[in-house]
1. In region A:1-57, which residues are of a type outside the set (A, V, I, L, M, F, W, C), closer than 22 Å to A:T97 by Cβ and either surrounded by fewer than 17 Cβ atoms within 10 Å (Cβ to Cβ) or touching a His at 6+ places or on another chain (Cβ under 9 Å) (or both)?
2. Name every residue in region B:106-145 that is closer than 25 Å to B:T72 by Cβ and charged (D, E, K, R), in order of residue number.
3. Take A:F79 and decide whether it is crowded, with 22+ Cβ neighbours inside 10 Å and without any contact (Cβ under 8 Å) to a residue 40 or more places away in the chain.
4. Collect the residues in region B:87-96 that are crowded, with 16+ Cβ neighbours inside 10 Å and part of a loop (DSSP other than H, G, I, E, B), keeping them in residue-number order.
5. With the condition kept exactly as written, say whether any residue in region B:138-148 is small (G, A, S) and at pLDDT below 85.
6. Looking only at region A:65-100, how many residues end up being over 18 Å from B:Y11 (Cβ atoms) and among the hydrophobic types (A, V, I, L, M, F, W, C)?
7. Going residue by residue through region A:17-29, is there one that turns out to be at pLDDT 95 or above, under 21 Å from B:H167 (Cβ atoms), assigned to a loop (DSSP other than H, G, I, E, B) and of a type outside the set (F, W, Y)?
8. Looking at region A:122-143, I want the residues that are facing chain B (nearest Cβ under 7 Å) and have a partner that is hydroxyl-bearing (S, T, Y) and part of a strand (DSSP E or B) with Cβ atoms under 6 Å, at least 6 apart or on another chain. Which pairs are those?
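The values are calculated or read from the model by the stated rules, or taken from the named source; none is laboratory data. Remember, predicted model here, so these are calculated numbers, not experimental data. Neighbour counts run over all protein chains shown; Cβ positions are idealised from the backbone, glycine included.
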Protein chains: 2
Amino acid sequence: MILKSPESVIYPVPAALISCGAVASPNLITIAWTGTVNSTPPMCYISVRKERFSHHLISEMRQFVINLMPSTLVQEVDFCGTKTGKIFDKFKETGLTPLLCEKLDTVRVGEAIVSLECEVVEILQLGSHDMFIANIVVTHLSDSMKDNSLTGLIHEQLLGYTKGYYHHAGDPLLNYGANSLKFK
Amino acid sequence: MILKSPESVIYPVPAALISCGAVASPNLITIAWTGTVNSTPPMCYISVRKERFSHHLISEMRQFVINLMPSTLVQEVDFCGTKTGKIFDKFKETGLTPLLCEKLDTVRVGEAIVSLECEVVEILQLGSHDMFIANIVVTHLSDSMKDNSLTGLIHEQLLGYTKGYYHHAGDPLLNYGANSLKFK
């Protein structure tokens with residue numbers, strides 16, 4: 001069937017916790033419209049609604065951090081995606097730990113599995129959302145995945161999002177390049 | 001720890017099967033660098049290496065289809081991500097079914113759970129990859145998810161990708177906006 005109005009149905013996507021704003025008054029926002037856009041150099045994007053409190057923080061500083069949180073912290077991630085930094089000090093409310101960045105003037109989240117320090121290179125105004133395209137300048141990994149392997153990232157660790165639900169990334173099915181297809 | 005060279009580690013992402021090229025000689029390519037970039041109007045992106053055979057097909061026609069495949073077809077998806085359309089007729093090799101599009105001059109994949117017909121509006125040359133930003137002009141859903149609900153999309157249906165592995169989207173943990181965080 002065809003939907004009467006076209007809609008983007010591209011899943012699963014990350015449930016990424018973005019930290020941004022000044023070190024003295026940082027904010028958090030959960031973003032599902034994110035991903036890698038280039039491998040060399042490493043680049044990514046986040047799309048943010050103009051009316052979100054974090055929008056002007058990121059627009060002005062042109063910096064943000066993508067934090068991938070363990071799925072045990074799904075309630076904290078959801079809180080940061082549904083409450084506004086205009087009213088709430090989200091670090092205080094969630095108990096998450098702001099840490100100084102290596103290269104940026106904002107903070108990263110201490111409990112993250114992965115934190116990517118990002119510098120904005122282009123902003124595209126697309127309609128409901130502005131798309132921030134950024135260079136990834138520092139990649140932090142937690143001790144649990146210090147070999148940068150799959151181990152720390154899947155199986156009850158990594159938080160995905162699909163049409164209104166947070167979920168685990170499930171068990172591996174096949175490795176890339178397995179070439180196990182039987183020709184027909 | 002900090003990686004010596006920064007790297008994009010943003011997961012889980014979709015393992016999307018892209019159909020493109022002329023109806024008489026269509027091609028397939030599997031893409032993980034994809035996602036939603038705007039909600040209203042619905043817009044998405046795919047990033048494609050310049051040397052891939054599909055790159056010039058998409059550049060020239062400025063059209064492509066994002067097909068989300070059931071995870072039972074993970075071997076076909078992997079085949080299309082690792083073999084080149086210069087040598088292989090991927091529809092023939094995989095046995096997947098090309099269907100005419102509603103609005104585009106290329107094909108979609110009959111076995112897909114979701115097919116999004118996309119018209120390119122901008123191409124950004126970023127380095128290793130070109131980023132194709134597109135309007136989603138038609139959304140096809142399979143009968144198994146005709147209410148556009150979660151049902152057809154997760155639990156052994158939807159195919160995710162994380163650092164070299166295809167996997168299921170796992171069980172739901174929490175719905176968006178559950179606001180179940182206990183204040184600290």
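1. Within region A:1-57, A:S25 is the sole residue that qualifies.
2. Matches in region B:106-145: B:R108, B:E111, B:E117, B:D143.
3. It is true that A:F79 is crowded, with 22+ Cβ neighbours inside 10 Å and without any contact (Cβ under 8 Å) to a residue 40 or more places away in the chain.
4. Narrowing region B:87-96 to residues crowded, with 16+ Cβ neighbours inside 10 Å: B:88, B:90-91, B:93-94, B:96.
Passing the criteria: B:F88, B:L96.
5. Initially, region B:138-148 is screened for residues small (G, A, S), giving B:142, B:144.
Then keep just the ones that are at pLDDT below 85; that gives B:144.
Yes - at least one qualifying residue is present in region B:138-148.
6. Within region A:65-100, residues that are over 18 Å from B:Y11 (Cβ atoms) and among the hydrophobic types (A, V, I, L, M, F, W, C) number 8.
7. no
8. What qualifies is A:H129/A:S47; A:M131/A:Y45; A:M131/A:S47; A:H140/A:S115.
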